[in-house]
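> Would you mind keeping the following structure in view while I ask a few things?
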Amino acid sequence: MKEKNIFEKIYDVVGQIPEGSVASYGQIAELAGNRRWARVVGYALHIVPGSAGLPCHRVVTKDGRVSDAFLSGGVNRQVELLEKEGVGIAGGRVDMERYQWKKCVF
C-alpha cells in the first residue's frame, strides 16, 4: 500500500475539522505527522484546488488570526465563511479558547 504524501496527510486532517470549529496551522501539522510542518500546511492550503471541497477557511494562526492570503477573496471571505458557521471573530481573531477543535493526537 502506497504511503500518503505530506499534502495528502494535511488535506485529510483539514477535512476533519468540524463546522463551527477552527484549527491552527501547527495543530494541523502535528496531526498530519510533524509539528514542524506549519509552514508546509500554509503552502498546501494555498495551492489546494478550489474543487477539493476542503474547509480551508477553518485554519487560522495559533493566536486565532485569519489569513491575509486566503484563497480567493482574502480575509473578508474567510471571516464571512467562519461567521456563517457561527464562529465569532473580533478584531480579526477567533477566540481559540472557545472555537479551537479539540482533536487529540495519539
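The values are calculated or read from the model by the stated rules, or taken from the named source; none is laboratory data. Bear in mind that the values here come from a model prediction, so they are computed numbers and not experimental data. As a convention, Cβ positions derive from the backbone with ideal geometry for all residues, glycine included, and neighbour counts pool all protein chains shown.
> Can you report the number of residues in segment 51-63 which are outside any strand (DSSP E or B), farther than 15 Å from GLY91 by Cα and within 10 Å of the chain's Cα centre (by Cα)?
5
> In this structure, does GLU19 turn out to be in contact (Cβ under 8 Å) with a residue 40 or more places away in the chain, on the phi < 0 side of the Ramachandran plot, assigned to a helix (DSSP H, G or I) and surrounded by fewer than 21 Cβ atoms within 10 Å (Cβ to Cβ)?
Considered against the rule, which asks whether it is in contact (Cβ under 8 Å) with a residue 40 or more places away in the chain, on the phi < 0 side of the Ramachandran plot, assigned to a helix (DSSP H, G or I) and surrounded by fewer than 21 Cβ atoms within 10 Å (Cβ to Cβ), GLU19 comes out as no.
> Right, here's the next one. Scan segment 64-92 and report the pairs whose first residue is closer than 21 Å to ARG39 by Cβ and part of a helix (DSSP H, G or I) and whose second residue is at pLDDT 80 or above and of a type in the set (Val, Ile, Thr), with Cβ atoms within less than 8 Å and a gap of 6+ or a chain change.
VAL75/VAL66; GLN78/VAL66
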